[in-house]
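Asks: I have a structure here, written as structure tokens, and I will follow up with some questions on it.
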Amino acid sequence: MFNVGVEIRERRRALGLRQIDLADLAGASERFVRELEHGKASVRMDKVVAVLDALGLELSTSARRP
């Protein structure tokens, strides 16, 4: 199963950013980034998109396979 938090953490680390650096770039709190990376179930989608944008990533969807 895809975990966006894991993808975000890996990309952040690959770019040499700390959580606070990413938070500043995305206009989010460090706590939000930390919770997002750890898979918090309830997050604001606009903030998720801002974090992805700051990392040069995008969110996409696809139909589930039966």
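Asks: Give the number of residues within region 15-66 that are part of a loop (DSSP other than H, G, I, E, B) and at pLDDT below 90.
Replies: 15
Asks: Out of the residues in region 1-55 meeting the condition of being of a type outside the set (D, E, K, R) and touching a residue at least 40 places away in the same chain (Cβ under 8 Å), tell me which one is surrounded by the most Cβ atoms within 10 Å (Cβ to Cβ).
Replies: V51
The values are calculated or read from the model by the stated rules, or taken from the named source; none is laboratory data. What you see is a predicted model; the values in this text were computed from it and never measured. Positions of Cβ are backbone-derived with ideal geometry, glycine not excepted, and every protein chain shown enters the neighbour counts.
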